[in-house]
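Chemist: The structure that follows is given in the form of structure tokens.
Each reported figure results from applying straightforward, stated rules to the coordinates on display, with no laboratory input. It should be emphasised that the depicted structure is a prediction, and the values quoted were computed from it without experimental measurement. A quick note on method: Cβ atoms are made from the backbone with ideal geometry, for glycine too, and the neighbour counts reach across all protein chains shown.
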Amino acid sequence: MDAHFTGIAEVLEVPSVAVVVDVMRAYTVAAWAFARGAEKIVLADSPAEALALKARHPDWVTLKDGPPAPGFDLVNSPGLLSSADLGGRTVVQKTTAGTVGALAVKDASLVLCAGFVVAEATARFLRARECAGVTFVVTGEDGRAEEDLACAQYIAGRATGAVTEPAEFLRRAAGSRAAAELGSGVREGAHPDDVAFCLELDRFPFAMVATWEDSLMVLRPCAVPSPADGAPV
């Protein structure tokens, strides 16, 4: 598999296969939303679009970066979301980088969204599809976010069978600027354990696939079977 790593602004051509990585915190939050029962997640282009969708669908749950805001039900924090009851609900998510990255590659034939919590499932999904080339969109800090790059490189390695030891990748993420800001309370709308939630490797057994449905970018979980005993991983 040929892996290419790029920032959002550097996506100039539509890739065939894209993995959009936002560890802290969009796609850790998305995974937790599915774990708490959400049926699907609509990735909104703007806060205004999120609020417009909420107005048309009052039962949908809106979620954004930063502190609580009128019209939004939740904030983009895995620690705060981990106890929410989202059974059967549709979540509308708008974040600074993660949702922007997914929308930048919406025309790709396959779009996966990922963080460390779904790393192995994402790698297995790529292996099962036998993807020849994959563009990893590093969403944070204009493509320089160390936590996102480390996660992208780890998934790429696992997808090709070249990486087996996650410790160094998790160490890089733990030492990132985003982790420092979350740990020090600089970012609003956070839980004290958000960094730990974001670095919980392979917490969930599903990959997350985004598709274009009725003019909306919709994210859904996709079960990925574990390899059979004795099979190569």
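Chemist: Tilt of helix 47-56 relative to the longest C-alpha principal axis of the chain, in degrees (0 to 90, nearest 10)?
Modeler: The angle comes out near 70 degrees.
Chemist: Rounded to the nearest 500, what is the 222 nm mean residue ellipticity of the chain from helices alone, with -39500 (n - 2.57) per DSSP H run of 4+ residues and division by all residues? Walk me through the numbers before you get to the answer.
Modeler: Numbers: 9 runs with 78 residues, N = 233.
Here the helix-only value at 222 nm equals -9500 deg cm²/dmol.
Chemist: Separate question: Less than 17 Å apart at the alpha-carbon level, and either on another chain or at least 8 residues along: which aspartates and glutamates does that give for Lys106?
Modeler: Those aspartates and glutamates meeting the cut-off are Glu10, Glu13, Asp22, Asp45, Glu49, Glu213, Asp214.
Chemist: If r is the Cβ-Cβ distance from Val186 to Asp45 and R0 is 35 Å, what FRET efficiency results, to the nearest 0.05?
Modeler: Working: r = 26 Å, r/R0 = 0.75.
Using R0 = 35 Å, I get an efficiency of 0.85.
Chemist: Need the full-extension length gain, Ala128 to Arg56, defined as separation in residues times 0.36 nm minus the C-alpha distance. One decimal, nm. It would help to have the intermediate numbers written out before the result.
Modeler: Values: separation 72, 0.36 × 72 = 25.92 nm, distance 3.81 nm.
Once the chain is fully extended between Ala128 and Arg56, it gains 22.1 nm.
Chemist: Let me ask another. If r is the Cβ-Cβ distance from Val14 to Arg220 and R0 is 22 Å, what FRET efficiency results, to the nearest 0.05?
Modeler: Using R0 = 22 Å, I get an efficiency of 0.55.
Chemist: Percent relative contact order of segment 2-222, based on C-alpha pairs within less than 8 angstrom and at least six residues apart? Kindly include the intermediate steps, with their values, before the conclusion.
Modeler: Working: 489 pairs, mean separation 72.2, N = 221.
The normalised contact order for segment 2-222 reaches 33 percent.
Chemist: Between Glu213 and Asp85, take the C-beta separation as r, use R0 = 22 Å, and let me know the FRET efficiency to the nearest 0.05. Display every interim value, and only then the final one.
Modeler: Working: r = 25 Å, r/R0 = 1.11.
That pair, Glu213 with Asp85, gives E of 0.35.
Chemist: A follow-up question, please. Under 13 Å from a point 7 Å along the Cα-to-Cβ line of Thr96: which residues of segment 45-69 have their amide N that close?
Modeler: Within reach of a label on Thr96, which here means backbone N under 13 Å from a point 7 Å along Cα→Cβ, segment 45-69 contributes 65-67.
Chemist: To check you understand DSSP bridge types, tell me what percent of the beta bridges within segment 2-222 (both residues inside) are antiparallel, rounded to 5. Don't skip to the answer; put the middle values down first.
Modeler: Values: 13 of 38 bridges.
That works out to approximately 35 percent antiparallel.
Chemist: Angle check, please: helix 119-129 long axis (alpha carbons) against the longest principal axis of the chain (alpha carbons), in degrees 0 to 90, nearest 10.
Modeler: So the inclination is approximately 60 degrees.
Chemist: What whole-number volume per residue, in cubic angstrom, does the convex hull of the C-alpha atoms of segment 2-222 give?
Modeler: Details: hull volume 23.4 nm³, N = 221.
Taking only Cα atoms, segment 2-222 has a hull volume of 106 Å³ per residue.
Chemist: Among Cys151, Cys131, Cys198, which one shows the biggest mean-square fluctuation in a GNM of the chain, springs joining Cα atoms closer than 10 Å?
Modeler: In this elastic network of the chain, the residue with the biggest mean-square fluctuation among Cys151, Cys131, Cys198 is Cys131.
Chemist: How large is ³J(HN,Hα) for each residue in segment 193-207, as worked out from phi by the Karplus curve 6.51 cos²θ - 1.76 cosθ + 1.60 (θ = phi - 60°), to whole Hz, x for Gly and Pro?
Modeler: 9, 4, 4, 4, 4, 6, 9, 7, 4, 6, 5, 10, x, 10, 8
Chemist: Give me the Debye-computed log₁₀ of I(q)/I(0) at q = 0.15 Å⁻¹ for segment 95-147, equal point scatterers on Cα only, no solvent, two decimals.
Modeler: For the requested q values the scattering log ratios are -0.45.
Chemist: Could you state the angle between the C-alpha long axis of helix 146-160 and the longest principal axis of the C-alpha atoms of the chain, as a value from 0 to 90 degrees rounded to the nearest 10?
Modeler: 50 degrees
Chemist: Calculate the tail of P(r) for segment 113-233: the fraction of all Cα-Cα distances greater than 24 Å, expressed in %.
Modeler: Numbers: 2250 of 7260 pairs.
Pairs farther apart than 24 Å: 31 percent.
Chemist: Sort 117-127, 35-45, 57-67 by the packing proxy (mean of other Cβ within 10 Å over each peptide's residues), most packed first. Intermediate values should be presented prior to the final figure.
Modeler: Details: 117-127: 25.4, 35-45: 20.1, 57-67: 16.9.
Peptide ranking by packing, descending: 117-127, 35-45, 57-67.
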